[in-house]
Each structure stands twice: as structure tokens, then as C-alpha cells.
Amino acid sequence: MMYKIIEKKKIWFIFSGLLILISLFFIFTGGLKLGIDFTGGTLMQINFKNEIPETNEIRENLNQLELGEIKVQKSGQESILLRLKTLSNQERNNIITSLEEKFGPVTEESFESIGPTIGQELKQKAFVAIALVLVGIIIYISWAFRKIKFSHINSPVFGFNAIIALIHDILITLGVFAALGFFFNIEVDIFFVTALLTILGFSVHDTIVVFDRVREGLTKGESEDFDEILNKSINQTIVRSLNTSITTLLVLLALLLFGGESIRFFILALIIGVIIGTYSSIFIASPLLSVWYHRKN
């Protein structure tokens, strides 16, 4: 059975267009909620020996210390996360003392403090890392497919279409996390950047598998019809792509359920990236080659 994926490319483009529009809406209205890795500040995880109090009770108790804006978030059944400005050691001790006096014994499970300069530097380095990866992918694909010459289809065309598919994947992943920030106040941290870089690698790997099959079809002269070569190549690799993604997703789902709170959103970003990356390698990257071919011919 041969799936007519290239023939129905308008359907995939409309579907992706809608996803990107929704993503852009959340990115430009609410934007990503940046964690202290990027904004600077303090993150404390406090464990309560007795019953964990309500977040508004904790906030009211700490407001008397005049530490500025304090974000309180429950973490599991016994702990809370406090996000606030960069603290001195005295202010840190005052928080523990104040909580113990009001709610009983508490334990500081973790303490993380990042200055605003380091946060800004991390943000700049994250953008530079992603930009360098995209440029590197264009150069690599252009070199790997350098012997391809079919009508107006040459190696840089493969590279730029792979990048468009990657941008598609990144935009939708950013959109999902902007929506999570908008509705649930979920923040992104430096692990999110690691997840984005991993998504770039996974997505381009899947796309190259399809492109490589296209290259073989062109080299062997399997057909004069470019769309037929594209469709045949996708159909020959689709089962492999789906099997790879499904087995990867099973591992990620296990980590999401049992991996702990600290890596939950890192794993969620990977899951979204694997699903979108698999979709784009099949339904976006190669159909874009078809669009390029027909525009030039």
C-alpha cells in the first residue's frame, strides 16, 4: 500500500499552519515564562514535616520579611518551591526560621541562586547555541548531498528545507510551553534549551533518512517524476521512522511518570519534540521539496 503523502501536501501545510498560528499567538501574547536560570534569583525547595500548608498561608507568612515578590508552588506531597529575588545568607535563614515558627519543622532540600548577569549570559548563549546548530546543519546537509543535481534541486535546497522543518518543530514546541506558561504558569529553564537542541538533532536525523532515500532514487533514475520519487521515498522509510519514534516515546513516557519532578518538563519538551519532529520529517520536509521543484519548473 502506497500512501499519497505528496499528493495531499496542502492538507499537511494547512494543519501545520494552524499549529504555528496558535503557537505564535501564545508566544507573542504571553511568551515563555523564564525561570531563574534566565532572569536571575533564588529557588528554594522546602520540605514540611507536618501537613503542608496552603500556598497563600506561606506567602502571607513570608511577606512580613519584606523580600519582594515571592512565588510559592507545591512540589509533590510534602514540599514547596519558593522563587524570589537573590538572597543573602541572613535572608535565607530568616525564611527557614519564619516557616518553622509558623508551621513546625521544615527542611531545606535544595537552594539555587543565580545572579541577573549570569541569567542574561545564559539566555544569550542559548540563542547562539541554537543559531550555530542551525547553520551547522545547513552546511552539513549541503555537503552530504553535494552530488545531487536534478533540475533545480541541489544540495543547498535539501539543507534549507530541512531547516524550515526544524523551525516548524521549534516554533510549535515553544508555542506549547508558552501556552503552559499562560494557563499554568509553567516556567522554562536551561534544561528546556537542552531539550530544544536535542529536538533539533532528532528531527534532522529523521529528515535526513527520508532525504537520503530521495537521493538514492534520483541517483538511480527510478523515475522522471520528482513527486513520485518523493512519495516512494517517504513510504519506504515511514515504518522505520514511526518505529524509532514509538520506542523513543515509550522510554520518555516512563521517565515522565517515574523520573521525578525536577526533569518532568524537560522530558515533556522532548516528547513534544519527538512527535512533532516525526510528523515534520514525513509530512513537511519532503513535501516542501515538491513545492520548490514545481515553483522552479
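Calculate how steeply helix 9-29 sits against the longest principal axis of the alpha-carbon atoms of the chain, using the helix alpha-carbon long axis, and give the answer as 0 to 90 degrees to the nearest 10.
That helix lies at roughly 20 degrees to the long axis.
Which of the trypsin sites (Lys or Arg not before Pro) found in segment 111-175 are in a DSSP loop and have at most 10 neighbouring Cβ atoms, other than their own, within 10 Å? Could the numbers behind the result be given before it?
On the way: sites: K123, K125, R146, K147, K149; in loops: R146, K147.
Counting only loop positions with at most 10 other Cβ atoms within 10 Å, the trypsin sites (Lys or Arg not before Pro) in segment 111-175 are K147.
Could you calculate, for segment 207-297, the ratio of the Cα radius of gyration to the Kirkwood radius, expressed as Rg to Rh?
Values: Rg = 16.8 Å, Rh = 14.7 Å.
Rg/Rh for segment 207-297 comes to 1.14.
Among F127, A162, G76, whose Cα projects farthest towards the positive end of the dipole of the chain, with charges put on the beta-carbon of Lys, Arg (+1) and Asp, Glu (-1)?
A162
For the chain, give me the percentage of DSSP beta bridges that are antiparallel, rounded to the nearest 5 percent.
Details: 21 of 23 bridges.
Beta bridges within the chain, antiparallel portion: roughly 90 percent.
What does the charge add up to near I275, with Lys and Arg as +1, Asp and Glu as -1, over the other residues with Cβ less than 12 Å from its Cβ? Provide the component values of the computation, followed by the final result.
Numbers: positive: none; negative: D169, D206.
It works out to a net charge of -2.
Could you give the accessible area per residue of the chain, probe 1.4 Å, as a whole number in Å²?
Counting only protein heavy atoms, the per-residue value for the chain is 53 Å².
Which value does Rg/Rh take for segment 26-105 over its C-alpha atoms, Rh per Kirkwood? Walk me through the numbers before you get to the answer.
On the way: Rg = 13.7 Å, Rh = 13.6 Å.
Value, to two decimals: 1.01.
Using Cα atoms only, what is the angle between the long axis of helix 285-296 and the major principal axis of the chain, expressed in degrees (0 to 90) to the nearest 10?
50
If you plug each phi of segment 178-183 into the Karplus form 6.51 cos²θ - 1.76 cosθ + 1.60 with θ = phi - 60°, what whole-Hz ³J(HN,Hα) values come out, in order, with x for Gly and Pro?
Calculated HN-Hα couplings, in order: 5, 5, 5, x, 5, 8 Hz.
List the GluC sites (Glu not before Pro) within segment 190-238 that fall in a DSSP loop (any state other than H, G, I, E or B) and whose Cβ has at most 16 other Cβ atoms within 10 Å. Before the final figure, lay out the partial values.
Numbers: sites: E216, E222, E224, E228; in loops: E222, E224.
Qualifying residues, ordered by number: E222, E224.
Which lysines, if any, have their Cα less than 19 Å from the Cα of K71, not counting same-chain residues under 8 positions apart?
Excluding near neighbours in sequence, the set is K33, K85, K102.
What whole number of Å gives the distance from the Cα centroid of segment 70-102 to the Cα centroid of segment 42-67?
Centre-to-centre (Cα) distance: 5 Å.
Are there any trypsin sites (Lys or Arg not before Pro) in segment 1-81 that are in a DSSP loop and have at most 14 other Cβ atoms within 10 Å? List them by number.
Numbers: sites: K4, K8, K9, K10, K33, K49, R59, K71, K74; in loops: K4, K8, K49.
Qualifying residues, ordered by number: K4, K8, K49.
My understanding is that a pair violates if its Cα-Cα distance is over 20 Å; which of K8/K232; K4/K232; K220/K296; K9/K220; K10/K149 do that in this structure? Mind showing how you got there, number by number?
Details: K8/K232 14 Å; K4/K232 9 Å; K220/K296 22 Å; K9/K220 25 Å; K10/K149 26 Å.
Those over the limit are K220/K296; K9/K220; K10/K149.
The values are calculated or read from the model by the stated rules, or taken from the named source; none is laboratory data. Just so it is clear, the structure is predicted and the values come from calculations on it, not from any experiment. Heads up, the Cβs are rebuilt from the backbone with ideal geometry, glycines too, and the neighbour counts pull from every protein chain shown. For the accessible areas, the whole protein counts, side chains as well, though only heavy atoms, and no ligand, DNA or RNA atoms are used. Shrake-Rupley method; radii C 1.70, N 1.55, O 1.52, S 1.80 Å.
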